[in-house]
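Below you'll find the structure, written out as structure tokens, and then a few comments.
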Amino acid sequence: MTVMVRRRIWWLALCLALGLGLGMRVAHASSSDNPRLRTTYRQRTVYHWFLARWADNQIVCDLYLSREGPPTLEDVRRGCGENIMRQWQRTPACPTASSGCSGLYLVFGGAYEYTEAVSVLLDPPQMTISLPGCLPQGDGYYYCASLPRLHLEASEPVFGEDILRIEVRLGNVQTSCEGSVCEVPLRQTGTEGADLTFWAVSSLGDTSARYSARLRVRADDPARPDRGPWHVTLVSDRLPTAACANLWGALPPEGGLPAWLRTPEDADALATDAPYTYLAGQLILFGQVEASGCADGGVLRGGAASPCGLEAARGQLTFWQNRFDNGIWLAAQKAAVPPTTLKRLLAQESQFWPNRIGRAGEFGLGQLSLAGTDALLLWTPEFFAAFCPQYLSPSRCAAGYADLTAEEQTLLRGAVMQAVDAVCPTCPLGLDFDKAEDSLEVFAYALQASCRQVDQVVRNLTGQNPGWVSNYEDLWRFTLANYNAGSGCLAAALQQARAEDLPLSWQSVAPLLDAECPGVRHYVESLTR
């Protein structure tokens, strides 16, 4: 072994020792800063190999393995790069160093023991919120026969530690409860409700997250607030509440949700029996409906059914427009959007026939565009986290969509578009209905992405929670407009309304959308009618 090699090994040992010392000090500092950071130490062995050139004995690459045995080609590729791996792979066997060998040779540099610091972040306290004695009616609504009270409970997952107290701020009033349970009697609020914030304090020296909610309490006779029954609307990220309401800080309307925003009890309640002419026309064209008795063949130019064709298709229409109901229900529940809204959106976009391709290249049941996939991947981290690792390495996906390269973003957008395209030349009717069913989750999350975009647009414009400057129904109308035309059109219309000192209501903004994006108002009002 040359002197140069021995020096290299001595320097490696010194670096390991110094690096270990620094790592241990950093870990201890982190532990004192964060009471939930636990650091343990374990002995590890690192095996040092290096590749050098036969020609001049110069080291070209160091390899450090956590196992015994020589490195594999894959080890060399990961540690030294593709070019050096190829050189090593092409190096012929060399019997002695004096025989004029070419290429690279492998040398074992030794094994070194070191102490590894392993840090684990323990789970923070968790909290639940409920309204005991009140009957949930769906979408954040509760019926309370007796005076309602909030029940807050916290749990400390770290063994040997406890919850010291719970802090609650309702409107301008703050309440503190000793221990892990807190009961807060409620009084009637205004129709706009009140902000609620709550958190738990742990004996470990830190707190839970600060959870936010919106609360409205109204007596059956608001003029007699001390007499029941009471109607409570509660929206919180600790509860399965009306979709996007917690994000916006917007309470659903006091009198109940309109039909297009409701969450029915089960998928069967999503069933419809609408005279969808495009769906009827496709059923005739693909041989699922016999319309030879119609003088026009039952189909008009463009693919929609004629009145005669629609009548012929009546028997099939009900089945076809409801065949995806269970999938719509499940996808909407997963993405936290109203299932009725999602079904109406799909009806508006494709009338439940998956082969439709829009003028701008939109695909599938929900007519997703490339711009729509961009918004989906950027604004729904839950969807991105599940979808990205199917195509990119987990380390690349961990950076988030915005930090991917342009090529990686293009790859993912294309993959999403392919996931919603159910056209299948070898399938019956030329459609893969299983793939269409799987694509429902994509469209549900795309709707959620629009809800999130609306939140950001309004916050950027006003500096306030969207729920303070608009109402729940109109924020959903803005969301549908955003889905249809993109955030640029909506932002321009909202900005103009703000400049003209108009309220951010659908009534004020819709005419402004006509100028920015003709057709959007008709789209939204047809869907919500």
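Every number in this text was worked out from the coordinates using simple rules, so none of it is lab data. Model, not experiment: these values are computed from the prediction. Here the Cβ is made from the backbone with ideal geometry for all residues, glycine too, and neighbour counts use every protein chain on show.
Points to keep in mind about this one:
- Taking Val168, Val289, Val181 and counting other C-beta atoms within 10 Å, the order from fewest to most: Val181, Val168, Val289
- Debye log10 I(q)/I(0) at q = 0.20 Å⁻¹ for segment 191-262, Cα point scatterers: -0.89
- Residues whose placed amide H lies under 5 Å from that of Arg165, excluding near-sequence neighbours: Gly179, Val201
- Shape index of the chain: Rg/Rh, with Rg the Cα radius of gyration and Rh the Kirkwood radius from the inverse mean 1/r over Cα pairs, equals 1.10.
- Euclidean distance between Cα centres, segment 114-165 to segment 455-529, Å: 36
- Here the gap between Thr128 and Leu239, fully extended at 0.36 nm per residue and compared with their Cα-Cα distance, gives a gain of 39.1 nm.
- Spatially, segment 309-330 and segment 369-406 are offset by 33 Å when compared through their Cα centroids.
- Counting every C-alpha pair in segment 286-384, the share spaced more than 23 angstrom apart comes to 39%.
- Sequence-separation-based contact order of segment 323-528, relative, with Cα cut under 8 Å and 6+ spacing, percent: 19
- Dimensionless Rg/Rh of segment 60-174 - Kirkwood Rh, Rg from C-alpha atoms: 1.48
- Ordering Asp62, Asp139 by the number of other Cβ atoms within 10 Å of each residue's own Cβ, fewest first, gives Asp62, Asp139.
- Long-range amide H partners of Ala219 with built H, under 5 Å: His231
- Extending 7 Å from Cα along the Cβ direction at Ala402 and again at Ala209 yields two label points whose distance is 1.8 nm.
- Using a cutoff of 8 angstrom between alpha carbon atoms and counting only pairs six or more residues apart, the relative contact order for the chain works out to 9 percent.
- One decimal place: the segment Gln174-Glu290 gains 34.8 nm when fully extended, by the rule 0.36 nm per residue minus the C-alpha distance.
- For segment 220-259, the alpha carbon positions stretch 32, 25, 14 Å along the principal axes, listed from largest to smallest.
- Working from Cα pairs under 8 Å separated by at least six residues, relative contact order for segment 447-529 is 29 percent.
- Residue-count net charge about Cys244 - beta-carbon cut-off 9 Å; Lys, Arg +1, Asp, Glu -1: 0
- Computed label-point distance, nm, for sites Asn460 and Asp501 using a 7 Å Cα→Cβ extension: 2.6
- The alpha carbons of segment 126-241 give a radius of gyration and a Dmax of 14.7, 50 Å, in that order.
- Fewest-first sequence of Trp353, Trp476, Trp468, Trp320 by Cβ atoms within 10 Å of each Cβ: Trp468, Trp320, Trp353, Trp476
- P(r) weight above 31 Å for segment 323-528, C-alpha pairs, percent: 20
- Where labels lie 7 Å past Cα in the beta-carbon direction, separation of Ser146 and Asn326 in nm: 4.2
- The dipole here belongs to the chain: it is taken about the Cα centre, uses +1 on the Cβ of Lys and Arg and -1 on the Cβ of Asp and Glu, and is about 1380 debye.
- Mean shadow area of segment 238-330 over all directions, Cα convex hull, nm²: 8.5
- Point-charge dipole on Cβ atoms (K/R +1, D/E -1) for segment 303-445, about Cα centre, debye to 20: 360
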